[in-house]
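One structure below.
Read-outs: derived from the displayed coordinates by stated rules, not from any lab. Only a predicted model underlies this, so the values are computations on that prediction, with no experimental measurement involved. Methodologically, a virtual Cβ is constructed for each residue, glycine included, from the backbone with ideal geometry; neighbour enumeration extends over all protein chains shown.
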Amino acid sequence: MRVKLWGTRGSVPSPGPETIRYGGNTSCVGITLSDGSLLALDAGTGIRNLGISLPPELTRLHILLTHLHLDHIQGLVFFAPAFRAQTEIVIWGPASPEASLRDRIARYISAPLSPVEVRELPCDVSFRHTPETEWEIGPARIRAASVAHRGPTLGYRIDDGESSLAYIPDHEPALGADIDALEEDWISGFALARDASLLIHDGQYADDEYPDHIGWGHSSLSHALSFARRSGAERTVLFHHDPLHSDERLDRLGVEARKHWVELGGKAEAVELGSEGSTYELPVRVPATAKAT
């Protein structure tokens with residue numbers, strides 16, 4: 001399984017000279033499975049570049065949406081394969097009693113926000129609510145579960161052979177609780193991340209910023225690392241960077257994250273901040289990381 005980060009920013013795109021290295025596009029991760037088939041995790045503005053990179057002969061792909069906040073779907077209408085008649089796209093996402101997944105996405109892909117309507121897309125597109133049980137896409141086993149964030153929000157786990165990826169980009173597991181004191185069953189997203197080869201996890205706020213954003217649905221640096229330690233992930237990529245965080249600010253947060261991880265008993269190289277264009281070949285094998293005590 002090959003993983004590539006196409007968009008690592010949260011909330012709103014933040015292009016400019018101060019965000020070149022980590023990137024300004026919003027959430028999107030491309031997954032190439034062991035049989036060569038493709039999955040996209042979220043469809044923020046990063047999916048535009050993913051679509052441009054795909055060969056025209058690719059005719060089928062799946063897009064797994066964690067939730068429908070704008071920074072996770074705003075790239076759909078700029079996704080090149082969606083405008084090819086020969087392409088079949090399956091879009092998965094959380095169910096809601098309010099409306100179907102198609103109807104909720106159509107609120108964005110419609111006037112006055114979009115020049116095209118969902119029904120006008122030339123591709124063969126279908127919308128599916130994620131099952132409550134594990135399902136398969138090609139050689140991969142996919143599992144989704146609700147996680148702590150505003151609105152219906154999912155995290156995903158993808159297992160392909162010996163490789164496992166946990167993707168939880170918008171997550172506030174410490175909301176009102178001490179992660180280290182909680183039983184595993186009470187930690188949001190824990191089962192998805194348990195012993196994952198790679199964990200891509202929300203790390204939007206520095207510790208000194210989090211008190212002003214409690215309940216916004218995102219993690220502080222130390223909470224994200226505590227979650228990673230408890231879950232036993234082999235490698236952790238902090239993701240969904242705040243749009244106000246420049247490259248220099250993220251560099252400093254990266255140093256802080258690695259230092260904190262070592263204090264938790266892990267190896268510094270097992271934690272990093274996600275940057276656009278980074279790729280990971282799974283399974284990841286790194287020196288033993290901090291495990292739950």
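Just a few scattered comments:
- Extreme residue, nearest to C28 (Cα to Cα), among residues of segment 46-60 that are of a type outside the set (G, A, S) and buried (at least 23 other Cβ atoms within 10 Å of the Cβ): I47
- Single match in S126, S164, S188 (criterion: in a strand (DSSP E or B), among the polar types (S, T, N, Q) and within 19 Å of the chain's Cα centre (by Cα)): S164
- Some residue of segment 73-93 being over 30 Å from L244 (Cα atoms) and among the charged types (D, E, K, R): yes
- Residues of segment 159-170 that are more than 10 Å from S197 (Cβ to Cβ) and among the hydrophobic types (A, V, I, L, M, F, W, C): I168 alone.
- Those strands (runs of 3 or more DSSP E) of segment 1-115 in which 1 or more residues are more than 25 Å from A166 (Cβ to Cβ) and in contact (Cβ under 8 Å) with a residue 12 or more places away in the chain occupy 88-93.
- Conditions (1) among the basic types (K, R); (2) loosely packed, with under 12 Cβ neighbours inside 10 Å; (3) closer than 25 Å to S11 by Cα: number failed by R107: (2)
- Y167 falls short on exactly one of the conditions (1) surrounded by fewer than 19 Cβ atoms within 10 Å (Cβ to Cβ); (2) closer than 16 Å to H62 by Cα; (3) not small (G, A, S), and that condition is (1).
- Residues considered: R150, R143, R157, R119. Of these, the only one that is basic (K, R) and over 30 Å from G254 (Cβ atoms) is R119.
- Contacts under 7 angstrom Cβ, first residue in segment 183-210 being within 20 Å of E234 (Cβ to Cβ) and touching a residue at least 12 places away in the same chain (Cβ under 8 Å), partner among the polar types (S, T, N, Q) and part of a strand (DSSP E or B), 6 or more apart: A196/S164; S197/S163; S197/S164; L199/T236; H201/T236
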